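The values are calculated or read from the model by the stated rules, or taken from the named source; none is laboratory data. Here the structure is a predicted model, which is why all the values come from computation and not from measurement. Methodologically, a virtual Cβ is constructed for each residue, glycine included, from the backbone with ideal geometry; neighbour enumeration extends over all protein chains shown. Please note that ligands, DNA and RNA were not included when accessible areas were found on the heavy atoms of the full protein model with its side chains. Shrake-Rupley method; radii C 1.70, N 1.55, O 1.52, S 1.80 Å.
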Amino acid sequence: MIKSIVVLGGGSAGLIAAITLKKRLPQLSVRVVRSPEIGVIGVGEGTVPYFGEHFFQYLGFSPRQFYTEAEPTWKLGIRFLWGPREDFFYSFGTEHDHRFPDLTRNTAFYQDEKTRWIGRSSACMALDKAFTRRADGRPDLSMRHAYHVENAKLVKWLDGTCRALGVEITDGTMREAERAGEGIGALLLESGERVTADLFIDASGFRSELLGRALEEPYISYSDTLFCDRALIAGWTRTGEVIHPYTVAETMDAGWCWQIEHENWINRGYVYSSRFISDEAALAEFRTKNPKVENEPRLVKFRSYRLARNWVGNVVGVGNASGFVEPLEATALGVICVQSRMLADTLIDSLQDPTPSMISINNELNGNNWDDVRDFLAIHYAYNTRLDTPFWQACRAETNIGDAKRLMEYYKENGPSALGKFMLLRSSNSFQIDGYLAMLVGQMVPHDKPYKPTDAEAKAWSARQANLAAEAKRGFTVKQTLEAIRAPGWKW
């Protein structure tokens, strides 16, 4: 029976895992061992909606302290400078797999090359509004959204939440992991302390100290799908720029560039492939396209992979210690929440005595989750025709789209039909058919079923778009929403 847990790593992965376990199973002894030698990658500053759902619904925390201490801004989705359009929006609202009552097909069929929004969220994004206006005049925070949050502020909030729950946090460097059977018997610290537990959480980042190094769990590479392996990270202090309610993903010569919107800081990062561009040339391109950058860009090297198993013996991996894709779509924090919840639910359902079948299911679900993210990102690369540089030529010619192959065959034959969604994707796939259609229609990927609306439908569609725009225009900007939630009368 598992009564004590030690988490190796005090970054966002380790702290989220510790919070989840202690909140859901308060009877557990949970201890975090963090080492200054194991740094935090610091690129997970954008989130997906599941992050908020995990903390405020599954764990039941009040958002007030999060907003006060972490000071996030809102993210309705991603604005892509990608493909042949000037831009397009991938929103977190269900928009492409949606059918208005006065139209015969789902909205994806009506998004022609001139259409910028097809639903409430994308209309707000196009018009730089964070939320629409409720009947009482306040911002409608029920719209599905994620966050932009500065990494240091996030970790500080997570650290404080851990301590408030009674999680013990120890600053110490692990010298060696002591093997015991198929798992780990103890962590030997530089201080001489021997740390034992019934279950160990490996949240040691890319070093994967327990699963990768000590237990030598095999790596499954994603390099045939995801060619990028480096990122340059920098930014500048916000002056008069609008705070956009979305992340920007901009096509670059040998990869892409993100822009993440904080209240007082604009974070910019170039994710690229060292196979196609040198670090020096990437830095020059980054600086040329971002003249406002005021700090020295930080270089982060990474690899895209997952471990064959996430749970081995008495060790469970969370975050980069168990796998990593890349920053595109900002899935890192969402994956950590999924893994943490899966582990907590497994311990609850097994009465803290997980069986081999439960561990097997946990490993399968985690593997599927990583593979689903890999497949979705493959669609971003394989069909982006915006630039014709060697990198993008290779992406279009060589990208392995994995299990998305069947979905692509269906799309090419049937266009943006959503009828096959239950057969084409796993039910656990977080992007679902709406995400795929947003990327395929957004990139104008050709198919064999183009649709020409009737005159009546064209008129109805035009009226829908006008109504969406009018609703968005009455909404709140990010700045106005921040003022609203900070006002004395605001209630969560």
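Only a single item in (1) under 29 Å from T389 (Cα atoms); (2) part of a loop (DSSP other than H, G, I, E, B) is not met by N267, and it is number (2). How many residues are closer than 20 Å to E294 by Cα, open to solvent by 10 Å² or more (accessible area, probe 1.4 Å) and of a type in the set (F, W, Y) if we restrict to segment 214-259? So the answer is 1. The condition (being touching a strand residue (DSSP E or B) at 6+ places or on another chain (Cβ under 9 Å), open to solvent by less than 40 Å² (accessible area, probe 1.4 Å), closer than 29 Å to L21 by Cα and not small (G, A, S)) is satisfied by just one residue among F88, F55, F92: F92. Selection of segment 205-228 for residues being assigned to a loop (DSSP other than H, G, I, E, B) and in contact with a helix residue (DSSP H, G or I) (Cβ under 8 Å, 6 or more places away or on another chain) yields S208, E217, Y222, D224, T225, L226, F227.
Filtering segment 473-492 to residues that are among the aromatic types (F, W, Y) and within 11 Å of D128 (Cα to Cα) leaves only F476. Among strands (runs of 3 or more DSSP E) entirely within segment 23-96, having at least 2 residues that are over 25 Å from A123 (Cβ atoms) and modelled with pLDDT of 95 or more singles out 29-34.
R144 passes every criterion in (1) in contact (Cβ under 8 Å) with a residue 24 or more places away in the chain; (2) within 22 Å of A438 (Cβ to Cβ); (3) loosely packed, with under 15 Cβ neighbours inside 10 Å; (4) under 27 Å from the mean Cα position of the chain (by Cα) apart from (3).
Here A397, A463, A404 are screened, and the one residue that is without any contact (Cβ under 8 Å) to a residue 40 or more places away in the chain, more than 27 Å from the chain's Cα centre (by Cα) and either part of a helix (DSSP H, G or I) or buried (at least 19 other Cβ atoms within 10 Å of the Cβ) (or both) is A463.
Here's the yes/no breakdown for (1) part of a loop (DSSP other than H, G, I, E, B); (2) within 26 Å of E53 (Cβ to Cβ):
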{"site": "C337", "(1), (2)": "no, yes"}
{"site": "N366", "(1), (2)": "no, yes"}
{"site": "I379", "(1), (2)": "no, yes"}
{"site": "D388", "(1), (2)": "yes, no"}
{"site": "E413", "(1), (2)": "no, no"}
{"site": "A418", "(1), (2)": "yes, yes"}
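Scanning segment 477-491 for residues that are touching a residue at least 12 places away in the same chain (Cβ under 8 Å) and not hydrophobic (A, V, I, L, M, F, W, C) yields T477, K479, Q480, T481. Going residue by residue through segment 18-38, is there one that turns out to be open to solvent by 10 Å² or more (accessible area, probe 1.4 Å), acidic (D, E) and closer than 30 Å to T389 by Cβ? The answer is no, given that none of the residues of segment 18-38 is open to solvent by 10 Å² or more (accessible area, probe 1.4 Å), acidic (D, E) and closer than 30 Å to T389 by Cβ.
Looking only at residues in segment 279-333 that are polar (S, T, N, Q) and touching a strand residue (DSSP E or B) at 6+ places or on another chain (Cβ under 9 Å), the one that is modelled with the lowest pLDDT is N295.
When we screen F431, F422, F476 for residues that are surrounded by fewer than 18 Cβ atoms within 10 Å (Cβ to Cβ) and within 26 Å of the chain's Cα centre (by Cα), the only hit is F422.
If you go through segment 232-261 and pick out every residue that is of a type in the set (S, T, Y) and modelled with pLDDT under 95, you end up with 1.
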